[in-house]
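Scroll down for the structure; my scribbles are underneath it.
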Ligand code: PA5
Ligand code: MN
């Protein structure tokens, strides 16, 4: 048997398992502020009166391949701030994938929230997001996360690099449920 001397290198990327922080190569960050979320909350008048520079969420992605490339995977962490617009909790914009039949995994890292899933018939389902929760988002299912706690909600995501984002459908029609605070506790209300 011939023993080859292999060079064992450090992994080029890393993820902090406690807070989801991504390190190493090709980490990209995007930030969504209240100004970017016009028309997304139910109470647009209240959003309009708030400081437009308020950060609602940040997304950091390990972009080992470019978005749009077929056959790759992207891996990211979203940090969703605590807060409300009127009685509606801060949320991610939410989207279907541009290529509708692409699925995704989300998992909870820290904080407390709700994942809202909606199929093409506008039927919604909600799942609690918390440390260690794992969420399979099937194809043709719009997805949005809502922070129902008082601390940052962070969650991980892994999705096909060609999935893309269809934000338009949600901008036009929204989700058929919203997550709001009623008597100090989160409640899911129907918009139908
Ligand atoms: O790929 C995903 O679904 C996530 O990384 C989201 O893009 C992220 O949580 C931000 O949400 P949205 O893209 O709906 O603004
Ligand atoms: Mn997605």
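The values are calculated or read from the model by the stated rules, or taken from the named source; none is laboratory data. What you see is a predicted model, and the numbers here were worked out from it, not measured in a lab. When we count neighbours, we look across all protein chains shown, and the Cβ atoms used for this are built from the backbone with ideal geometry, even at glycine.
Just checking, how many residues over the range 176-189 are surrounded by fewer than 19 Cβ atoms within 10 Å (Cβ to Cβ), in contact (Cβ under 8 Å) with a residue 60 or more places away in the chain and more than 23 Å from residue 109 (Cα to Cα)?
Residues meeting the conditions: 1.
Can you tell which of 157, 139, 187, 163 is in a strand (DSSP E or B), within 16 Å of ligand 2 (Cβ to nearest atom) and at pLDDT 95 or above?
Working: 139 fails: in a strand (DSSP E or B); 187 fails: within 16 Å of ligand 2 (Cβ to nearest atom); 163 fails: in a strand (DSSP E or B).
Only one candidate passes the filter, namely 157.
Tell me which residues, restricted to the range 166-184, are in contact with a strand residue (DSSP E or B) (Cβ under 6 Å, 6 or more places away or on another chain), in a strand (DSSP E or B) and more than 14 Å from ligand 2 (Cβ to nearest atom).
Those that are in contact with a strand residue (DSSP E or B) (Cβ under 6 Å, 6 or more places away or on another chain), in a strand (DSSP E or B) and more than 14 Å from ligand 2 (Cβ to nearest atom): 177, 178, 179, 180.
Mind counting the residues in the range 142-154 that are assigned to a loop (DSSP other than H, G, I, E, B) and in contact with a strand residue (DSSP E or B) (Cβ under 9 Å, 6 or more places away or on another chain)?
Step one: of the range 142-154, the residues assigned to a loop (DSSP other than H, G, I, E, B) are 148-152.
Keeping just the survivors that are in contact with a strand residue (DSSP E or B) (Cβ under 9 Å, 6 or more places away or on another chain) gives 148-149, 151-152.
Residues that pass the stated criteria total 4.
For (1) more than 12 Å from ligand 1 (Cβ to nearest atom); (2) under 24 Å from residue 177 (Cα atoms), each residue gets a yes or a no:
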| position | (1), (2) |
| --- | --- |
| 52 | yes, no |
| 58 | no, yes |
| 75 | no, no |
| 105 | no, yes |
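Rundown of residues vs (1) modelled with pLDDT of 95 or more; (2) closer than 30 Å to residue 12 by Cβ; (3) surrounded by 14 or more Cβ atoms within 10 Å (Cβ to Cβ); (4) in contact with a strand residue (DSSP E or B) (Cβ under 6 Å, 6 or more places away or on another chain), yes/no style:
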| site | (1), (2), (3), (4) |
| --- | --- |
| 42 | yes, no, yes, yes |
| 47 | yes, no, yes, yes |
| 74 | yes, yes, yes, yes |
| 102 | yes, yes, yes, yes |
| 134 | yes, yes, no, yes |
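Among 147, 121, which is the only one that is away from ligand 2 (no atom under 16 Å from the Cβ) and surrounded by fewer than 16 Cβ atoms within 10 Å (Cβ to Cβ)?
After ruling out the rest, the residue left standing is 121.
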